[in-house]
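Nothing in this text is a laboratory measurement; each read-out follows from the coordinates by a stated rule. Quick caveat, the model's predicted, so the values are computed rather than measured. Neighbour counts are summed over all protein chains in view; Cβ atoms, including those assigned to glycine, are modelled from backbone coordinates with ideal geometry.
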Amino acid sequence: MAQDFYKILEVEKNATEADIKKAYRRLARKHHPDVNPNDPQAEKKFKDISEAYQTLSDPKKRQEYDAYGPGGFQGAQGFPGGGGYEYQQGGFDFGGGGGGFGDIFETLFGGGRGGGAASQFRRPARGEDIHLSLAISFDEAFKSVEKDISFQGFDACGNCGGSGSAPGSAPGPCPACGGSGQAKIGRGMFNISQPCRACGGSGMTSGPSCGKCGGSGSVPAIKRMSVKIPAGVDNGSKIRIPGKGRPGAAGHPAGDLYIITQVSSHGLFERKGNNLYVELPVTIVEAALGALLEVPTPEGKSSIKIPEGTDTGKTFRLRGKGFPSLQNKGRGDLYVKIKTATPRNLSKADRELLRSFAESHPEDPRATLYAGL
């Protein structure tokens, strides 16, 4: 029995796009398999939620779904057109991509990888890329780490073997593009053509679309894998894993998986690129007389020698004590900013000593502030 996508997302039929997106995020977070490791139904629930969102978040697919109802709508099961996944849990945020503006502009102006516009229409459709946001700690980014991840990806359709065509069907012109190999997108006067996803731009299919995947050649699947995050990554760093995106239509190459890192801040160090900054409190005596001081670094303790008469705000540099370079070009530096700590809870004798010291050192450090007034 066909499922009601509105009931799956727990929204009314007149729900807005914002309502649908909000419902999807809430339910995806609730039913993600990683959040429910002891629930054998969690993966199916999550997949149903993803299927429902894929259809109802696309105005064209939603219109078709509303017209034909749960029993007559076929496009949603295979997600033809793909992409659009959004989910956040434990730092993950993934979505479909690929094709996009590069293909559109190549089609319009005939540049890039094939010569003219006509050749672009026939270029095989590579699978879409998947983008996944991964939260890691400051220490993990500093040392490198191996992370186990799971995300909503795709497998080749088992019913059609990834061809997108019904098993046993005969070759013929692609019904989605009428044999032209082109799929038009856009509205009104601004229409753009790009390779048809159903046939990969070839204009031919081996027959009617597969009923299980809707002609896309792939079906949703929870993917799990272990990835190595190199030392030196920062917010927005991209790690590319070739061939782990969505399978291409009709057996064409799969897209790539891009992991985009989000590095948490540190309670002690401030990071700017590969350089680190830290404040080091010192006593009045240490600042006045100079001292050899221990300095914290991400790898333990180091030391610096501050000269006699060091003022608050004076900054010292420890070369090579910062963050590793992602391009294996050495290390950044650690900048240590001196901050003089004022003594508190002084005894009567301490106050008398300070007054005596002030009398013997009558200089005014603010005297030059008013010289030009």
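Observations, loosely collected:
- Relative contact order (%) - criterion: Cα under 8 Å, at least six apart; region: the range 270-361: 33 percent
- Computed over the alpha carbons of the range 223-286, Rg followed by Dmax gives 20.1, 76 Å.
- Residue ranges 127-134, 343-350, 314-321 sort as 127-134, 314-321, 343-350 when ordered by packing (mean number of other C-beta atoms within 10 Å per residue, highest first).
- Full-stretch length increase - E352, D66 - with 0.36 nm per residue and alpha-carbon distance subtracted: 94.3 nm
- Rule-of-thumb Rg ratio for the range 1-77 [Cα; 2.2 N^0.38 Å; N residues]: 1.09
- Packing-based ranking, highest mean first, of 326-335, 143-152, 353-362, 256-265 given that Cβ atoms within 10 Å are counted: 256-265, 143-152, 326-335, 353-362
- Derived scalar couplings ³J(HN,Hα) [the range 210-220; Karplus, 6.51 cos²θ - 1.76 cosθ + 1.60; whole Hz; x for Gly, Pro]: 5, x, 7, 10, x, x, 7, x, 9, 10, x
- In this label model, V35 and K22 are separated by 1.7 nm, measuring between points 7 Å along each Cα→Cβ vector.
- Bridgeable lysines around K339 (alpha carbons under 22 Å apart, same-chain partners fewer than 8 residues away excluded): K272, K301, K305, K314, K321.
- Applying 1/(1 + (r/R0)^6) with R0 = 35 Å to the Cβ-Cβ distance of I284 and R224 gives a FRET efficiency near 0.05.
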